[in-house]
Amino acid sequence: IREYRIPLYVVETDDEEKLRQIFYRINNFGKSLQWKDVHDALFGHREGHLSTLRELAEDLQRLGMGRPEEDQLLSCLLAFKGLDVTRTIDEHYRTDAEVLAGAVQEALPAIRRVLSFLKLHAEIPHLRLLPRSIPLVVLTRFFALYPEPKARSLALLARWTWRLLLGAGSYAERTLLRHGVTAIQGRDEEESVQSLLSLVPKERRDPYFLPRRFDARA
């Protein structure tokens, strides 16, 4: 294995987009890279500001809510753009090669607001206590369209968050994720909030009981 000759190709061109296309096509054969790595290669370091998922995660970690998973942030970027988060980025990329160009920097304020909301209004002090990433993803879309929501909307969004978390098993998560993003429209803030509430049950089919001993790992 140590003596294996690794083939190396050097492509000399001034056309950066051509290089990205070559990288993208090569990645579809053999052992594929994870899409968070592909994202950083295709869309990262084009400008001087934040452009990679790693940089985004590190910036958000400074808020004290923990370090978001890069795969979760990738879904957040799709939600920020209003895209179907249940489809692979490969599908989106084939439709539009610039689908997430600049999205890291653009989505940063919205994701910051989501983390602030979870801490201050939903009273979830750390991402390790968030059992599902659906609120993080869907709310990115909401705060992208409504960066300064009304107090009533914030209260209802906190209600939606907890209904979603406690109602696990009574809905299909992928369906809720897709419909949650599409339910948020730029026409009316209150209508978007009510649309989100309509997607989750008001009550659990089985009553929820707090454990006798609290364990943050569970």
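Identify the single condition in (1) acidic (Asp, Glu); (2) open to solvent by less than 90 Å² (accessible area, probe 1.4 Å); (3) at pLDDT 95 or above that GLU173 does not satisfy, given that it satisfies every other one.
(3)
Restricting attention to region 65-82, does a residue exist that is open to solvent by 20 Å² or more (accessible area, probe 1.4 Å), closer than 20 Å to LEU176 by Cα, part of a helix (DSSP H, G or I) and charged (D, E, K, R)?
Checked against the condition, which is being open to solvent by 20 Å² or more (accessible area, probe 1.4 Å), closer than 20 Å to LEU176 by Cα, part of a helix (DSSP H, G or I) and charged (D, E, K, R), region 65-82 yields at least one hit.
Please find, among ALA155, ALA110, ALA144, ALA168, the residue that is in a loop (DSSP other than H, G, I, E, B) and either in contact (Cβ under 8 Å) with a residue 40 or more places away in the chain or open to solvent by less than 60 Å² (accessible area, probe 1.4 Å) (or both). Can you show your working first?
Values: ALA155 fails: in a loop (DSSP other than H, G, I, E, B); ALA110 fails: in a loop (DSSP other than H, G, I, E, B); ALA144 fails: in a loop (DSSP other than H, G, I, E, B).
Every option except ALA168 fails the conditions.
I'd like to verify a number: residues in region 93-130 that are polar (S, T, N, Q) and farther than 28 Å from ALA151 by Cα, how many?
Taking region 93-130 and keeping what is polar (S, T, N, Q), we get 95, 105, 116.
From what is left, the residues that are farther than 28 Å from ALA151 by Cα are 95.
Qualifying residue count for the region: 1.
Being open to solvent by less than 30 Å² (accessible area, probe 1.4 Å) and either without any contact (Cβ under 8 Å) to a residue 60 or more places away in the chain or basic (Lys, Arg) (or both) is the filter here; which residues of region 113-127 pass it? If you could, list the steps in order and put the result at the bottom.
So in region 113-127, the residues open to solvent by less than 30 Å² (accessible area, probe 1.4 Å) come out as 114-115, 117-118, 122, 124, 127.
VAL114, LEU115, PHE117, LEU118, ALA122, ILE124 - these are the residues of region 113-127 that are open to solvent by less than 30 Å² (accessible area, probe 1.4 Å) and either without any contact (Cβ under 8 Å) to a residue 60 or more places away in the chain or basic (Lys, Arg) (or both).
Just one of the numbered conditions (1) open to solvent by 40 Å² or more (accessible area, probe 1.4 Å); (2) of a type outside the set (S, T, N, Q); (3) at pLDDT 90 or above is not true of ARG94; which one?
(3)
The values are calculated or read from the model by the stated rules, or taken from the named source; none is laboratory data. Only a predicted model underlies this, so the values are computations on that prediction, with no experimental measurement involved. Cβ coordinates were reconstructed from backbone atoms using ideal geometry, including for glycine residues, and neighbour counts include every protein chain displayed. Accessible surface is based on the protein model in full, side chains and every heavy atom, while ligands, DNA and RNA are left aside. Shrake-Rupley method; radii C 1.70, N 1.55, O 1.52, S 1.80 Å.
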